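A.B. asks: Encoded as structure tokens, here's the structure I'll be asking about.
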Number of protein chains: 2
Amino acid sequence: MPGEPDIRTVTGYLKTLQDVICHSLGTLEPAAGFCVDGWEHPAGGGGVSRVLEMGSVIEKGGVNFSHVKGESLPPSASQDRPEIVGLPFEATGVSVVIHPRSPLIPTCHMNVRFFCAGTGAERAVWWFGGGYDLTPYYGFVDDCVHWHRTARDACNAFGPGVYPKLKRQCDDYFFIAHRNEPRGIGGIFFDDWNHDGFEQAFGFLRSVGDSFLPAYLPIMERRKDISWTPAQREFQAYRRGRYVEFNLVYDRGTLFGLQSGGRTESILMSLPPGVRWSYRYKAPPGSEEARLTEYFLVPRDWACLQVPDIGRSGEI
Amino acid sequence: MPGEPDIRTVTGYLKTLQDVICHSLGTLEPAAGFCVDGWEHPAGGGGVSRVLEMGSVIEKGGVNFSHVKGESLPPSASQDRPEIVGLPFEATGVSVVIHPRSPLIPTCHMNVRFFCAGTGAERAVWWFGGGYDLTPYYGFVDDCVHWHRTARDACNAFGPGVYPKLKRQCDDYFFIAHRNEPRGIGGIFFDDWNHDGFEQAFGFLRSVGDSFLPAYLPIMERRKDISWTPAQREFQAYRRGRYVEFNLVYDRGTLFGLQSGGRTESILMSLPPGVRWSYRYKAPPGSEEARLTEYFLVPRDWACLQVPDIGRSGEI
């Protein structure tokens, strides 16, 4: 019936999205490839993790598909619907985290997901969630502008208010309270999304999922051949510590995975390869490292900044 | 009045303990020293963090004293007393985490603390907590036996059942559920401790605090001049990831600190200097790395194993 949720159509799209992302990222890494690692969930379903490590551009990257079933929805699954906690559920999604080797290429995260809770006639409780956000170590204004304009374009067909709202939600969500610092320069974030019926909502999910590569690839291509210094690499390792702190202390996706008996290695695939914690590190005043927190890690309307977009070809 | 809690006596002991620990550890590091870093808590009180980084034996070590006051006790402070959550409180303690450079020396953690909650006549709610636990990367049976025998001796004057109970509590607490793995080989752990009045309970705290150096120093001294390989150092970085996972996902002390607006740099001083996450690492069968999880990271009655104790001098 039109308007009814169809989980097989969603999983079909998600599996194709995983293929397309792995194929495109793979073209940057002629010598390394994504390993394919299937697994089963104890309560039903399973997933396919595709992980690339030790590449020349991608130091560690994961593109994971999962489709799991559970007897009891954990509290971390839905922030707006406490009444469905404890119901049987299905969840399917694709998660991407790319940790590039170069400190000049930002780490990126993308997730698109679909939840369906209840049984029989009550199975009408469903929603989409997802988004993508960017975490630079050394900031480039045109990268930030391109990232946010691509996200804005993916949202605009669904209403002029969608991008500003999802951009704000992203800034609110990816915030490290104990550091009083955002994780990165944001992007878009949505949850509990079921506006205008299944077809329309699924169309929105596809628009977000399909815009991820056009948002990220030009940034990678533009920065991947620029050399970096050991000091920049050290700063990247230090800043990656913030990424770990956010994911393990605050991230609801990580908590949901660990609470629902998910596959630990796939959930924690998001953690960076090499990390360093130093006591009371302070970036030298006026340095590029200081500029990261002072200029880039401050919520701002990147999409409207008056700079040329680097475009999908990677050129200004 | 005898039997009444006296927080000034406790803070006096704790400050001396901090001095003694820093002095003793400092003798292992003639070229590096603990920096002294005082700070104030927004709601009252403050602390002194003493941190050593880039030493030849200690790669990163912190010995922190704090004495903070707060308007509202956070839920993470007391597991057995939900009724006092929200009361004004004072908390004082010393926390030690030592990450040695050599993968052959275990990481250690020690904490002794005193809590006092309520106001005026209701100020009678007080308790001690603390303990110490050891996290080896390459296991040595005699180190584990010495560590646990020293802990047992520190408990035995307070009753024959104390050590077995606190040893079990330590095994239960320092457990990484999502890895189905203990953090290390344990030690002792206690909380909500106010048995037999203030004087007796404070005596127990001192017995634990004073036994920490005799437990750890002989292990450091015995292992510090043994050379290690780059592969062992890599394995140490990988295993340090487990330490991070425990501290950020489960540790109540870390959560209490972050929830109560504590000083982030002092709380996260516990995180290791260099860490590496690899996807699906598997130790080669029969290797020393496999032996860590298969033999050492299994709760066992180390104090009763029939091996010679290495003793306080570091010699068998």
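A.B. asks: State whether the residues of the stretch A:103-122 include one that is free of Cβ contacts under 8 Å to residues at least 24 places away in the same chain, surrounded by fewer than 17 Cβ atoms within 10 Å (Cβ to Cβ) and within 23 Å of A:PHE202 (Cα to Cα).
C.D. replies: yes
A.B. asks: Sticking with this structure for a sec: Here are B:ARG223, B:ARG206, B:ARG242: which of them is away from every other protein chain (no Cβ under 14 Å) and in contact with an Asp or Glu (Cβ under 9 Å, 6 or more places away or on another chain)?
C.D. replies: B:ARG223
A.B. asks: How many residues does the stretch A:20-56 contain that are out of contact with any strand residue (DSSP E or B) (no Cβ under 8 Å at 6 or more places or on another chain), within 14 Å of another protein chain (Cβ to nearest Cβ) and of a type in the set (S, T, N, Q)?
C.D. replies: 0
A.B. asks: Among the residues of the stretch A:245-260 satisfying the criterion of being more than 9 Å from chain B (Cβ to nearest Cβ) and touching a strand residue (DSSP E or B) at 6+ places or on another chain (Cβ under 9 Å), which is least open to solvent (accessible area, probe 1.4 Å)?
C.D. replies: Per the stated criteria, the residue is A:PHE246.
A.B. asks: Also, quick follow-up: In contact with a Phe, Trp or Tyr (Cβ under 8 Å, 6 or more places away or on another chain) and of a type in the set (A, V, I, L, M) - does that describe any residue in the stretch A:210-220?
C.D. replies: yes
A.B. asks: If a residue must be part of a strand (DSSP E or B) and modelled with pLDDT of 95 or more, how many such residues does the stretch A:99-126 contain?
C.D. replies: 10
Conditions (1) within 15 Å of B:THR107 (Cα to Cα); (2) at pLDDT below 95; (3) within 14 Å of another protein chain (Cβ to nearest Cβ), marked per residue:
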position	(1), (2), (3)
B:ALA151	no, no, no
B:TYR163	no, no, no
B:ASP191	no, yes, no
B:LEU217	yes, no, no
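A.B. asks: With respect to the numbered conditions (1) crowded, with 22+ Cβ neighbours inside 10 Å; (2) assigned to a helix (DSSP H, G or I), which one is the sole condition not fulfilled by B:ILE188?
C.D. replies: For B:ILE188, the exception is condition (2).
A.B. asks: Now a separate question. Do we have B:GLU83 as away from chain A (no Cβ under 13 Å) and farther than 20 Å from B:VAL112 by Cα here?
C.D. replies: For B:GLU83, the condition - away from chain A (no Cβ under 13 Å) and farther than 20 Å from B:VAL112 by Cα - is met.
A.B. asks: Residues of the stretch A:261-276 being assigned to a strand (DSSP E or B) and surrounded by 22 or more Cβ atoms within 10 Å (Cβ to Cβ), which ones?
C.D. replies: Scanning the stretch A:261-276 gives a single hit, A:VAL275.
A.B. asks: Can you report the number of residues in the stretch A:124-141 which are touching a Leu at 6+ places or on another chain (Cβ under 9 Å) and either within 14 Å of chain B (Cβ to nearest Cβ) or over 25 Å from A:ASN64 (Cβ atoms) (or both)?
C.D. replies: Qualifying residue count, the stretch A:124-141: 4.
For every residue, the table says whether it meets (1) open to solvent by less than 70 Å² (accessible area, probe 1.4 Å); (2) in contact with an Asp or Glu (Cβ under 7 Å, 6 or more places away or on another chain); (3) not in a loop (DSSP other than H, G, I, E, B).
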{"site": "A:ALA31", "(1), (2), (3)": "no, no, no"}
{"site": "A:TRP39", "(1), (2), (3)": "yes, no, yes"}
{"site": "A:GLY46", "(1), (2), (3)": "yes, yes, yes"}
{"site": "A:GLU59", "(1), (2), (3)": "yes, no, yes"}
{"site": "A:SER76", "(1), (2), (3)": "yes, no, yes"}
{"site": "A:ALA91", "(1), (2), (3)": "yes, no, yes"}
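A.B. asks: Ok, one more. Within the stretch A:284-301, is even one residue hydrophobic (A, V, I, L, M, F, W, C), open to solvent by 30 Å² or more (accessible area, probe 1.4 Å) and more than 10 Å from chain B (Cβ to nearest Cβ)?
C.D. replies: Yes, the conditions are met somewhere in the stretch A:284-301.
A.B. asks: Consider B:ARG280 carefully, then state whether it is open to solvent by 20 Å² or more (accessible area, probe 1.4 Å), within 21 Å of the chain's Cα centre (by Cα) and at pLDDT below 95.
C.D. replies: So B:ARG280 does not fit the description; no.
The values are calculated or read from the model by the stated rules, or taken from the named source; none is laboratory data. Predicted model, so just to flag it, every value in this text is computed and none were measured. Please note: Cβ atoms are built from the backbone with ideal geometry, for glycine as well, and neighbour counts cover all protein chains shown. For the accessible areas, the whole protein counts, side chains as well, though only heavy atoms, and no ligand, DNA or RNA atoms are used. Shrake-Rupley method; radii C 1.70, N 1.55, O 1.52, S 1.80 Å.
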